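Engineer: One structure, as structure tokens, below. Some questions next.
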Amino acid sequence: MTDPASPAAPSDAPLQFERAEFTEPRAAPKCALCQRAITGTYFEANGQLLCPSCKDAVEASMTGGSKSGRFFRALAFGTGAAIAGAVLYFGVSALTGYNLGLIAIAVGWGVGAAVRKGSDGRGGRFYQVLAVLLTYLSVCGSLAPDVYEGFSSASDAEATDGAAPEEMPVVFRVIVSGILSLAAPVLVGMESPISLLIYGFALWEAWRRNTRAVLKIDGPFQLAPAGEAPAPESEGKAQEQSVG
Ligand SMILES: [Zn+2]
């Protein structure tokens, strides 16, 4: 069948050495933040390439700024995410009738991310605790309507048992259910180990997203001529190379 004299050539076209464009690097290194192509000097921050101006900006964001400003921003962002999460979690649970674990974990993730954003990405033990606390409160909030319902019907039943069918003031009901709601995740978790696990994951997610950022900047490096691996250079020598 196949002629041994003519080995299966993929095509008759001649090999196109001329067309292969080796003059341009295949993947031009880009700054991880501003996405501009790196020409010459660059830095490496936690393994990502940064141009000099982005490196300065990253460094400034990790050292400067106001501590209380970060705290209040983290608190505001985290609280917003916690409220949104509670509404979402309650809404979906009420609509579907299921305690959807994925949503609880998403709430933990969202609150954690919001706190981290507020803290300028710094994280740390303090923000971990804040994120966990807000996530817990968010879960409490998602359970609060059920707690209120349960508490109201229980007290109504009690009231009808007694001689005086006195209506309990709504404000009082809200306050008491609010306090009871703080324990609701624990109480629900004791009833249902799956829920306990879900809440645990949610809190862990919030915690995890706020681990202290460690910034390790290496450099400056000089972009090596195409084809060679980038290597550390002294600045003076490197500048000459980039010109040549
Ligand atoms: Zn950049």
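Engineer: What residue, of D120, D156, is surrounded by fewer than 16 Cβ atoms within 10 Å (Cβ to Cβ), among the acidic types (D, E) and farther than 20 Å from L102 by Cβ?
Structural biologist: On inspection, the qualifying residue turns out to be D156.
Engineer: Regarding M1, is this residue modelled with pLDDT under 90 and part of a helix (DSSP H, G or I)?
Structural biologist: Criteria not met by M1.
Engineer: Among the residues of the stretch 48-70 satisfying the criterion of being in a helix (DSSP H, G or I) and aliphatic (A, V, I, L, M), which is farthest from the ligand (Cβ to nearest atom)?
Structural biologist: M62
Engineer: Given the criteria of a type outside the set (K, R), over 30 Å from G65 (Cα atoms) and more than 16 Å from the chain's Cα centre (by Cα), does S195 qualify?
Structural biologist: Yes, satisfied.
Engineer: Ok, one more. Please determine whether any residue of the stretch 31-53 is modelled with pLDDT under 85 and of a type in the set (D, E).
Structural biologist: Checked the stretch 31-53: no residue is modelled with pLDDT under 85 and of a type in the set (D, E).
Engineer: Does G91 satisfy the condition of being in a helix (DSSP H, G or I) and either under 22 Å from L203 (Cβ atoms) or more than 16 Å from the ligand (Cβ to nearest atom) (or both)?
Structural biologist: Answer is yes for this residue.
The rows are residues; the columns are (1) of a type in the set (S, T, Y); (2) within 16 Å of the ligand (Cβ to nearest atom); (3) out of contact with any Cys (no Cβ under 7 Å at 6 or more places or on another chain).
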position: T41; (1), (2), (3): yes, yes, yes
position: N46; (1), (2), (3): no, yes, yes
position: F72; (1), (2), (3): no, no, yes
position: G78; (1), (2), (3): no, no, yes
position: I83; (1), (2), (3): no, no, yes
position: N99; (1), (2), (3): no, no, yes
position: A114; (1), (2), (3): no, no, yes
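Engineer: To continue, here is another question. Would you point out the residue of the stretch 72-92, among those that are at pLDDT below 95 and among the aromatic types (F, W, Y), that is surrounded by the most Cβ atoms within 10 Å (Cβ to Cβ)?
Structural biologist: Y89
The values are calculated or read from the model by the stated rules, or taken from the named source; none is laboratory data. Nothing here was measured: the structure is a model prediction, and the numbers come from that model. A quick note on method: Cβ atoms are made from the backbone with ideal geometry, for glycine too, and the neighbour counts reach across all protein chains shown.
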